[in-house]
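Asks: My questions all concern the structure below.
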Amino acid sequence: MISSTASNQLPQHYVVYMGSSSSGEAPGIAESDHLQLLSSIIPSHESERISLIHHYSHAFKGFSAMLTENEASALAGHDGIVSIFRDPILQLHTTRSWDFLEAASGMQYKHKHPPMSSDVIIGMIDTGIWPESPSFNDDGIGEIPSRWKGVCMEGYDFKKSNCNRKLIGARYYGSIQRTYSNNKTYMAKPDDSPRDFDGHGTHTTSIAAGAKVANASYHGLAGGTARGGSPSSRIAIYKACTLDGCSGSTILKAIDDAIKDGVDIISISIGCALEEMTGLIFTVLSIQLPWIFTVAASNIDRDFQSSVLLGNGKTLQGSAISFSNLNRSRYYPLAFGEDVAAKFTPISESRNCYPGSLDTKKVAGKIVVCTDNDLNIPLQIKKLVVEDARAKGLILVSEDEKIVPFDSGMVPFAEVGNLSGLQIIKYINDTKNPTATILPARDVPRYRPAPTVAYFSSRGPGQYTENILKPDIMAPGVTILAAMIPEKEAGSVPVGNKPSGYAIKSGTSMACPHVTGAAAFIKSFHHRWSTSMIKSALMTTATIYDNTGKPLQNSSHHFANPHEVGVGEINPHKALNPGLVFETTTEDYLQFLCYYGYPEKNIRSMSKTNFNCPRINIDRLISNINYPSISISNLDRHKPAQTIKRTVTNVGCPNATYISRVHAPVGLEVKVFPNKLAFIEGLTRVSFKVLFDGKEASNGYNFGSVTWFDGRHSVRLSFAVNVE
């Protein structure tokens, strides 16, 4: 057994950050300097470790290498080293969705993509791509922009001919195998192709920028025309993730390459990053920092349901994506998990269908009812448990998860809420020989309410600072139909069907590319807009009502707050003409680092400037960076009111006057001054202040908004204020 002290001296993969990149520095010289630096700390008898795994020169300057903890500490003391951190492994977190967003805007795809829209290049950092999918065909797309500097890397199953005028670039990266022998050797294990073997990258890429494909469906479900948010945008693939997750150092290398190649927008499986912000990309892995666009996930106005028919004549509706081969003509014995438990199994485990908790002889041929009280056992595992026990089907009782249909493949399945679950269990308990059947899933159009926050969506406040409102915004992430690699698992394809090139998936990973596609869509109309302007346009025009006309709800059917939905659901068409935008500048981000506690010396090294931090640097001042929302982590009711400053840029009519309107909870005093903003020709930027006084407010977070109106535009600045 290796002691913890000894294990700390095993070589690990570290990223060495050396500040902003220098445009005049030759890459070869930099790499040579980095190797010389390594040779000064790595023992000569381990010279095989004196090599660079990744070299960074565009997003920032630095490299990654295999170092022991002592070597990393020694290296941190060298001049020019800003920080060193261990390489983390991050996990990966239509298509009706775009039609739903357009319907919500009331515009019904009124805006067609302009001729220049195909010049927008999206860099997708994910698990690769399945290039044969029709979602990536280049019909009708012009020549590749001359500014493109990327490559189409070949692999054993991926040729340059797999790239085209739509899929203009593809890169892949070796994955580092974190196993060691003799306490010192390591191996690099290549994943030698841009091809996607997981499906995640193919799915997210087609959501963001897939071409229009008629008659797409998932074995007949969700039929229609599949398309991405910006169908004519170009795509560049950076395969930095595998089935094991995403190496942080490899993501940074992919970002470095994407900037060098000339992409406009970067979308990552763990969040959305925009190209302008990559000067500070060393912290891209901290996904709740201000330069990362964080996205909550919501449902759309389409559901998939299976009918549960009980032997007493009752029919209950459950959520499912199931290709059940059962029908109305035959019913099967129905049993609750605890009634078919294996010997000596606790009731809590058999109810939740734990692995090994069910008696195969008792389960065989029955439809089993399980609860979902223990979230440690994923639904996929519960399905396998009853499937291995030769059950006829599975009914799961789960209130929260029922709005996210589970794909059970050929296994008859339905997920019901607590009320329906109680009816089923009562029927079992009151009946000598209870029976049931589960019908195949069907589409349920015009589902209400939508959008609502998915139960799995990450909530705020922010992990690193509560003075930036997180998440930023919400986008569709539930039951999204998009391109997929052909199914290979036995039993995943309904009898008589061919493998589907499309699949229905749910997750925050599905929400992020919706924002990517929306950003590319806006960029195609406003080529000169900075990424912070696009971000602001999306945030200040977001929708805060569902398709019933009521405020957005969460998965518990309560009204949602900004820590669940951010500023609301994206509305790409409305964002094309936002009226005013909040431009967050590089200086804002540098001031954020000052307020967050970074030493001024390090910030200067990062930015390669003589930037001076403000005289007073405290976390609460983060609220003052020019962000398109406001968050105050601690408004002391016993102290004077806190004043927040914002500056807006007029991108609408040159001569416009905006009037403010405050929506605040009872007790929280919110004043805006001036309450009128007048723009004239030549005057495009105006500042205002918002005063918050919590003397009479309720304890805890208070949510509201300041909205600017000019008769045509409604510019909403959401706020979250924690009164103590």
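The values are calculated or read from the model by the stated rules, or taken from the named source; none is laboratory data. Note that the structure is a prediction, hence the values are computed from the model and not measured. Neighbour counts run over all protein chains shown; Cβ positions are idealised from the backbone, glycine included. Heavy atoms of the whole protein, side chains included, go into the accessibility calculation; ligands, DNA and RNA do not. Shrake-Rupley method; radii C 1.70, N 1.55, O 1.52, S 1.80 Å.
Asks: Among the residues of region 307-344, how many are β-branched (Val, Ile, Thr) and open to solvent by 60 Å² or more (accessible area, probe 1.4 Å)?
Replies: 1
Asks: Here is a follow-up. Could you identify the single residue in Arg171, Arg165 that is open to solvent by 20 Å² or more (accessible area, probe 1.4 Å), among the charged types (D, E, K, R), within 24 Å of the chain's Cα centre (by Cα) and modelled with pLDDT of 95 or more?
Replies: Arg171
Asks: Condition first: part of a loop (DSSP other than H, G, I, E, B) and of a type in the set (D, E, K, R). Now tell me which residues in region 70-91 satisfy that.
Replies: Asp79, Asp87, listed by residue number.
Asks: Could you tell me how many of the residues in region 377-423 are of a type in the set (Gly, Ala, Ser), farther than 25 Å from Ser556 by Cβ and either at pLDDT below 95 or assigned to a loop (DSSP other than H, G, I, E, B) (or both)?
Replies: Count: 3.
Yes/no per residue for (1) buried (at least 21 other Cβ atoms within 10 Å of the Cβ); (2) touching a strand residue (DSSP E or B) at 6+ places or on another chain (Cβ under 6 Å); (3) aliphatic (A, V, I, L, M):
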{"position": "Ile544", "(1), (2), (3)": "no, no, yes"}
{"position": "Ser556", "(1), (2), (3)": "no, no, no"}
{"position": "Ala560", "(1), (2), (3)": "yes, yes, yes"}
{"position": "Val567", "(1), (2), (3)": "yes, yes, yes"}
{"position": "Pro572", "(1), (2), (3)": "yes, no, no"}
{"position": "Leu576", "(1), (2), (3)": "no, no, yes"}
{"position": "Thr586", "(1), (2), (3)": "no, no, no"}
{"position": "Leu593", "(1), (2), (3)": "yes, no, yes"}
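Asks: May I pose another question? Kindly indicate the residue of region 191-234 that is farther than 18 Å from Lys505 by Cα and either hydroxyl-bearing (Ser, Thr, Tyr) or within 18 Å of the chain's Cα centre (by Cα) (or both) and also surrounded by the fewest Cβ atoms within 10 Å (Cβ to Cβ) among those meeting that condition.
Replies: The residue in question is Ser193.
Asks: Among the residues in region 707-720, are any under 30 Å from the mean Cα position of the chain (by Cα), farther than 18 Å from Met539 by Cβ and not aromatic (Phe, Trp, Tyr)?
Replies: No, every residue in region 707-720 fails to be under 30 Å from the mean Cα position of the chain (by Cα), farther than 18 Å from Met539 by Cβ and not aromatic (Phe, Trp, Tyr).
Asks: Search region 622-649 for residues being open to solvent by 50 Å² or more (accessible area, probe 1.4 Å) and assigned to a strand (DSSP E or B), and hand back the single one that is nearest to Asp588 (Cα to Cα).
Replies: Here the answer is Lys645.
Asks: Let me ask you something else. When both residues are 6+ apart or on different chains and their Cβ atoms are under 7 Å apart, which pairs have a first residue that lies in region 556-584 and is under 29 Å from Leu419 (Cα atoms), and a second that is open to solvent by 10 Å² or more (accessible area, probe 1.4 Å) and basic (Lys, Arg)?
Replies: Within 7 Å, the pairs are His563/Arg459; Glu564/Arg459.
Asks: Let me ask something else about it. Filtering region 428-463 down to residues that are open to solvent by less than 20 Å² (accessible area, probe 1.4 Å) and not small (Gly, Ala, Ser), which residue is farthest from Pro562 (Cα to Cα)?
Replies: Pro434
Asks: Here is a follow-up. Name the residues in region 293-306 that are open to solvent by less than 10 Å² (accessible area, probe 1.4 Å), part of a strand (DSSP E or B) and either of a type in the set (Val, Ile, Thr) or in contact with a Gly (Cβ under 9 Å, 6 or more places away or on another chain) (or both), would you?
Replies: Matches in region 293-306: Phe293, Ala296, Ala297, Ser298, Ser306.
Asks: Can you tell me which of Phe703, Phe673, Phe679 is open to solvent by less than 30 Å² (accessible area, probe 1.4 Å) and aromatic (Phe, Trp, Tyr)?
Replies: When all the criteria are applied, what remains is Phe679.
Asks: A follow-up question, please. Mind listing whichever residues of region 52-71 are surrounded by fewer than 18 Cβ atoms within 10 Å (Cβ to Cβ) and at pLDDT 90 or above?
Replies: Passing the criteria: Glu69, Asn70.
Asks: Okay, moving on. May I ask you to list pairs of residues, at least six apart or on different chains, whose Cβ atoms are under 6 Å apart, with the first in region 305-328 being within 14 Å of Gly220 (Cα to Cα) and the second being hydrophobic (A, V, I, L, M, F, W, C) and open to solvent by 40 Å² or more (accessible area, probe 1.4 Å)?
Replies: Filtered contacts from region 305-328: Phe323/Met410.
Asks: Next question, about the same structure. Restricting the search to region 650-682, which residues are at pLDDT below 95 and in a strand (DSSP E or B)?
Replies: The one that is at pLDDT below 95 and in a strand (DSSP E or B): Ile680.
Asks: Here's something else I'd like to know. Over 23 Å from Ser307 (Cβ atoms) and surrounded by fewer than 23 Cβ atoms within 10 Å (Cβ to Cβ): which single residue out of Leu379, Leu358, Leu384 fits that description?
Replies: On inspection, the qualifying residue turns out to be Leu384.
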